[in-house]
There are 2 protein chains.
Amino acid sequence: MTVQSDPFGDMQSLDNQICFALYVANRAVTARYRPLLVDLGLTYPQYLVMLVLWEQARSGRLTRVSDLGARLRLDSGTLTPMLKRLADRGLVIRQRNLDDERVVTVALTKAGHDLREQAGQIPGRLLRGIGVEPGRLVALRDELRRVLGALEQQVGASD
Amino acid sequence: MTVQSDPFGDMQSLDNQICFALYVANRAVTARYRPLLVDLGLTYPQYLVMLVLWEQARSGRLTRVSDLGARLRLDSGTLTPMLKRLADRGLVIRQRNLDDERVVTVALTKAGHDLREQAGQIPGRLLRGIGVEPGRLVALRDELRRVLGALEQQVGASD
DNA sequence: CACATTTATATTGTGCACAATTCAGTTAAA
DNA sequence: TTTAACTGAATTGTGCACAATATAAATGTG
């Protein structure tokens, strides 16, 4: 019923099917996080930043804006205002590095650290809410990583 | 080296791995479309709207804003300004339905129809650029659909 | 040292997403 | 038929993403 054979760009071509599925799935999953994250006063991208900061805190290393950017694949145009909002909420502190004043380091406040306990419930609640077998999710994760790996390896070797 | 065993929310829990991978992969793929779409003067969401309109045009049915919303899972808060931009570029015409003035139908202009020919090259160019075996992509598509199906079936039966 | 280049972040502007609200128009009920 | 409830789209406001540009600081070169 959904089979098509149009030579031109239609929603049935493989690339469209995949990219559209990615587009919709990403928003659907983010929407699943939303009600869980409002309790913490976080958006999903903010939650990702906090995850990185919590992880880094355990390793004892200072986190720079560029570290967050490398990890989350976001640039300063996205991160700077986001981090300012997190700072406004008292979860992080942004400060210029004394050695190299171009660098801004991002550190957790006590409130930022403490939030981690509440956040601990989220993964379980989300997985339960999705209602998909873990095996399927692992398969999805692996397929995503494979494609992502291929995408990030190349520079711009298209055409 | 990336194995962790933290009981609290960290980037290594399965849900974070999957959702983060989705988040990054979606942006990476959209970034791949961008240089191909600038030739058409479209963003990726605009391209999706055009794909639906091209498809609908072949079936002869009129497309309402709510049809686009149902297909793309977007609400009027996103679609209305997007469609206005497409109308400004002369690709679509928005008009109130005479029978039911609450409804707005979206129709392609000649320029909108004609753009389809150029768009026809995009799927192939994108797939070639990704450099991943079609088999893998099909697997990814199917896994995405499975999870998406599970997500969209439920209402809010979480907790 | 002076000067060009590079690096790290910030700023500006555009375009999604989405919650919440509004509003016109339709339908249903009293 | 007046009113109440509902529907479909538009509006408003917030928060990402990202391109392009700007700024300041560090680094390299002659």
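Name, by its number, the condition in (1) among the hydrophobic types (A, V, I, L, M, F, W, C); (2) within 11 Å of chain B (Cβ to nearest Cβ); (3) within 14 Å of DNA strand C (Cβ to nearest atom) that does not hold for A:A57. For A:A57, the exception is condition (3). For segment A:70-79, enumerate the residues that are under 18 Å from A:I93 (Cβ atoms) and surrounded by 15 or more Cβ atoms within 10 Å (Cβ to Cβ). Matches in segment A:70-79: A:L79 only. When residues in segment A:61-75 are screened for being more than 12 Å from A:V103 (Cα to Cα) and in contact with a helix residue (DSSP H, G or I) (Cβ under 8 Å, 6 or more places away or on another chain), 7 of them pass. Annotation: A:V49 fulfils all but one of (1) surrounded by 20 or more Cβ atoms within 10 Å (Cβ to Cβ); (2) at the interface with another protein chain (Cβ under 7 Å from one of its Cβ atoms); the unmet one is (2). For segment B:27-45, indicate whether the set of residues that are near DNA strand C (Cβ under 9 Å from one of its atoms), part of a helix (DSSP H, G or I) and surrounded by 20 or more Cβ atoms within 10 Å (Cβ to Cβ) is non-empty. No: segment B:27-45 contains no residue that is near DNA strand C (Cβ under 9 Å from one of its atoms), part of a helix (DSSP H, G or I) and surrounded by 20 or more Cβ atoms within 10 Å (Cβ to Cβ). Do the conditions hold for B:L140, that is, is it part of a loop (DSSP other than H, G, I, E, B), of a type outside the set (D, E, K, R) and either under 21 Å from the mean Cα position of the chain (by Cα) or within 16 Å of DNA strand D (Cβ to nearest atom) (or both)? So B:L140 does not fit the description; no. Note on segment A:30-41: among residues that are without any contact (Cβ under 8 Å) to a residue 40 or more places away in the chain and closer than 18 Å to B:E152 by Cβ, the one that is nearest to DNA strand D (Cβ to nearest atom) is A:T30.
Does A:L151 satisfy the condition of being modelled with pLDDT under 95 and of a type in the set (A, V, I, L, M, F, W, C)? Working first, answer last.
On the way: modelled with pLDDT under 95: yes; of a type in the set (A, V, I, L, M, F, W, C): yes.
Yes.
Yes or no, residue by residue, for (1) at pLDDT 95 or above; (2) more than 13 Å from chain B (Cβ to nearest Cβ):
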| site | (1), (2) |
| --- | --- |
| A:P81 | yes, yes |
| A:L86 | yes, yes |
| A:A111 | yes, yes |
| A:R116 | yes, no |
| A:R125 | no, no |
| A:E143 | no, no |
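The values are calculated or read from the model by the stated rules, or taken from the named source; none is laboratory data. Everything numeric in this text was worked out from a predicted model, so none of it was measured. Because the Cβ atoms are built from the backbone with ideal geometry, glycine has one as well, and the counts that use them run over all protein chains shown.
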